[in-house]
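Below is one structure, written out as structure tokens; comments come after it.
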Amino acid sequence: NFGVGIFRGLSLQNNKAGRRESIEIEYKNNSRVFVSIEKMDLIHRYLGSVKTPKISRIGSKVWGNEIIKTKKAVSLVANELLSLYANKKRNRPFRYSKENDLGTALADSFPYIKTPDQERAIEDTLSDLDQPFPLDRLICGDVGFGKTEVALRAIMKVVLSGKQVVFLCPTTILADQHYITCGGRLEPLGISVGLLSRFKTKKEQKELIKRIRENKIDVVIGTHRVLSQDVVIPELGLLIIDEEHRFGVNQKEKIRTLKQLVDVLTLSATPIPRTLQHSLVGIRDISIIQTPPKTRKPIETVVRYFDWETIILYIKRELGRGGQVYFLHNDINGLPFITNKIRQSFPRSIVENIHGRLGNKELEGKILSFFAGGIDVLVCTTIIESGIDVSNANCIIINDAQNFGLSQLYQIRGRVGRGQNQAYCLLLVPKKPLEKIAYRRLKTIEQFTSLGSGYNISMKDLEIRGAGSLFGYKQSGHISSVGFEMYCELLKDEINFILGVDGGARFPDIVLADDALIEESYIAVPSQRLEFYNRLSRVDNKKSIEKIRSELKDRFGRLPEKLTNLLFVSEIRSLFKNTSIAKISVNKNSVVFNLDDIKPFSSIDKLIIGVAGFTSVHNLGHQFSEQKNGALSISFSTLNIHSSKRLSVECTQLFSVENEK
């Protein structure tokens, strides 16, 4: 409601009911707002491409105008998503064949054990292809979690039905990697696979385009070159897009046009924010592969000052066990020096370097040689950021690591640790003081070593890219204006509004006439208290509250009374979710319910009879009154605060929406 402010921590507030901790937010001109813990859902952490967003001034119209502008932009996105969804619900003019022995042969050739998430993603994708309307599914999973295998199963089903497949990649290296993988798995089964990228000569491209047009190539793997007008794919059935957010604006437009005509499977290593997953159910089918392969181990990551002795030690250890090494130095001019230095230290090993300015043939030759194990140490730029998948390469050394963004470091590190061997990542920094933000980034990547931690690291650039992969829209300006979480909230509301869906859970305000807080003497660290407050403000069922209660007890010991009161407030809030109760005041000698409707009662008379019956069973006094806004209020008399708390729980049977009266 107030705009962008600075979080100043937790502040102890005394009010009529009792003591509470509130969240203190500072705005322009030293204005302060204190937000009660129960209202934490009104606070969103600012995530945007702007490093230091403008702090809002309370009472200014600027924030309101930003919200209006963003709502208009969000409306466009929501309508675009829904129109794409409507198009997708038109029946395709043919049906795919059921799987046969060749499909089984492909499944049998998968050298790993499928994870439960991966199995579910495969089943969902094949099930979508059996539907009369086109597939439009996003497969979202961390680097090396097996998204390609899902694509391969879909390819097999489509090709067996006499249709062609396009596998679109944002980079030449990634296209080459997919070409090797797909060729190795599909060609032994009689499926022809072709590569169309800058690694091919003009003559080779021309010949391949001719074969595609004649339907002699089943699977076309390539970069945006595939989108050119001279490439005609007569029997195109399935379009697979890898990392869509990395394509340019013009290419995205061509992809959008192509999407409307065929089945679409999108692969992304970018986490889709949980705030969006729920609201996109039914509009965008999403499969999330979150469980790592069983044989994989966390990547051991350390940050060190640049030191040749340490570098040589890491390379020696890896080469000693028959492995291969990446040395990333993101300065083309410095590559020859690094390459020669490593060659001098390891004269019997093959050390080469690659970068984006190399000629196509030389670049492809070196990459294929590294794939085949012909190069021991590959000195490179960020050209390897996505696409190179060599299970024998389990050591990566990243020079000047402080210059990379968190998501980029995470993606680069993902080049190793794809096999069963322990993988190592050495992050090198110069011997000088680092900027605070760079230091924090490196500490984060050092701590989050486990596979799948891309879902746990709050990476603003990663999340914004996640939004881009969902919308295909350039919305970063609006995201920066209001922050990413707020943007997602507005989008969710707009989608629900267009679909005529109830916007989600409604909770009553709870006022307890007693202290309800996590005392500093119980949990001393403010960030830990804040985490528990945040979790309690978002729970919507008793099971989740009991889980938090057990965790608190296990970690910090017996619960003090004030914390028990806080858990009670969360419980009452969740028990009266989506009921006609707007506010509950649990006092020392009464419980007061403020209603905004008479549901589940069909009339006032039935409500009066229901309340009278309830009070006679519980031997209580009660009173009806009118609030200032004209709504109804019911007050029940009690003996003390404990009986008030007990009664408020028992009243759920009176106002439960499941029991229409």
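The values are calculated or read from the model by the stated rules, or taken from the named source; none is laboratory data. Since this is a predicted model, take the numbers as computed values, not measurements. When we count neighbours, we look across all protein chains shown, and the Cβ atoms used for this are built from the backbone with ideal geometry, even at glycine.
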Subject >> Set Gly248, Gly322: member being modelled with pLDDT of 80 or more and surrounded by fewer than 13 Cβ atoms within 10 Å (Cβ to Cβ) >> reply: Gly322
Original post:
helices (runs of 4 or more DSSP H) wholly in the range 450-552 with at least 1 residues that are at pLDDT 75 or above and among the small types (Gly, Ala, Ser) - which ones?
Top reply: 526-538
Subject >> Which listed residue, of Leu195, Leu174, is buried (at least 19 other Cβ atoms within 10 Å of the Cβ), out of contact with any helix residue (DSSP H, G or I) (no Cβ under 7 Å at 6 or more places or on another chain) and farther than 24 Å from Tyr96 by Cα >> reply: Leu174
Original post:
How many of the residues in the range 1-19 are surrounded by 14 or more Cβ atoms within 10 Å (Cβ to Cβ) and touching a residue at least 60 places away in the same chain (Cβ under 8 Å)?
Top reply: 7
**OP:** Starting from the range 393-408, keep only residues that are over 22 Å from Asp376 (Cβ atoms), then list their pairs with residues that are basic (Lys, Arg) whose Cβ atoms are within a distance under 7 Å, requiring at least 6 positions of separation or different chains.
**Re:** Leu406/Arg441
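Output the number of residues of the range 37-74 satisfying the condition of being hydroxyl-bearing (Ser, Thr, Tyr) and buried (at least 16 other Cβ atoms within 10 Å of the Cβ).
Here is the first cut: in the range 37-74, the ones hydroxyl-bearing (Ser, Thr, Tyr) are 46, 49, 52, 56, 60, 70.
With the extra rule that they be buried (at least 16 other Cβ atoms within 10 Å of the Cβ), the set shrinks to 46, 56, 70.
Number of matching residues: 3.
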**OP:** Among what's in the range 84-129 and is farther than 16 Å from Val264 by Cβ, in contact with a Lys or Arg (Cβ under 8 Å, 6 or more places away or on another chain) and in a helix (DSSP H, G or I), pick the residue that is modelled with the lowest pLDDT.
**Re:** Gly103
Original post:
What residue, of Ile572, Ile548, Ile498, is farther than 21 Å from Asn15 by Cβ, in contact (Cβ under 8 Å) with a residue 24 or more places away in the chain and of a type in the set (A, V, I, L, M, F, W, C)?
Top reply: Ile498
Original post:
Take the residues of the range 127-186 that are more than 27 Å from the chain's Cα centre (by Cα) and of a type in the set (Lys, Arg): which is nearest to Pro93 (Cα to Cα)?
Top reply: Lys163
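Residue check: is Leu81 in contact (Cβ under 8 Å) with a residue 24 or more places away in the chain, part of a helix (DSSP H, G or I), surrounded by fewer than 20 Cβ atoms within 10 Å (Cβ to Cβ) and not assigned by TED's automatic domain parsing to the domain that holds Arg413? Let's see the steps before the verdict.
Values: in contact (Cβ under 8 Å) with a residue 24 or more places away in the chain: yes; part of a helix (DSSP H, G or I): yes; surrounded by fewer than 20 Cβ atoms within 10 Å (Cβ to Cβ): no; not assigned by TED's automatic domain parsing to the domain that holds Arg413: yes.
When the stated conditions are applied, Leu81 does not pass them.
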Original post:
What are the residues in the range 213-245 that are hydrophobic (A, V, I, L, M, F, W, C) and loosely packed, with under 13 Cβ neighbours inside 10 Å, if any?
Top reply: Val232
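With closer than 30 Å to Tyr410 by Cα, hydrophobic (A, V, I, L, M, F, W, C) and buried (at least 16 other Cβ atoms within 10 Å of the Cβ) as the only criterion, which of Ile113, Ile139 stands out? If you could, list the steps in order and put the result at the bottom.
Working: Ile113 fails: buried (at least 16 other Cβ atoms within 10 Å of the Cβ).
Result: Ile139 is the single residue among Ile113, Ile139 that is closer than 30 Å to Tyr410 by Cα, hydrophobic (A, V, I, L, M, F, W, C) and buried (at least 16 other Cβ atoms within 10 Å of the Cβ).
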Original post:
Can you pull out the residues in the range 391-421 that are of a type in the set (Val, Ile, Thr) and either under 15 Å from Lys297 (Cβ atoms) or more than 24 Å from the chain's Cα centre (by Cα) (or both)?
Top reply: Ile396, Ile397, Ile398, Val416
Original post:
Within the group Ile241, Ile272, Ile289, which residue is at pLDDT 90 or above, within 16 Å of Gly141 (Cα to Cα), in contact with a strand residue (DSSP E or B) (Cβ under 6 Å, 6 or more places away or on another chain) and not acidic (Asp, Glu)?
Top reply: Ile241
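Just for the range 150-174: of the residues that are of a type outside the set (S, T, N, Q) and assigned to a strand (DSSP E or B), which one is farthest from Ile383 (Cα to Cα)? Explain how you work it out, then say what you get.
Step one: filter the range 150-174 for residues of a type outside the set (S, T, N, Q), giving 150-160, 162-163, 165-170, 173-174.
After this cut, where a residue has to be assigned to a strand (DSSP E or B) as well, the list is 165-168.
Numbers: Val165: 26, Val166: 23, Phe167: 20, Leu168: 18 Å.
Among residues in the range 150-174 that are of a type outside the set (S, T, N, Q) and assigned to a strand (DSSP E or B), the one farthest from Ile383 (Cα to Cα) is Val165.
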**OP:** Could you please find all residues in the range 608-639 being more than 47 Å from the chain's Cα centre (by Cα), in a loop (DSSP other than H, G, I, E, B) and in contact (Cβ under 8 Å) with a residue 40 or more places away in the chain?
**Re:** Thr638, Leu639
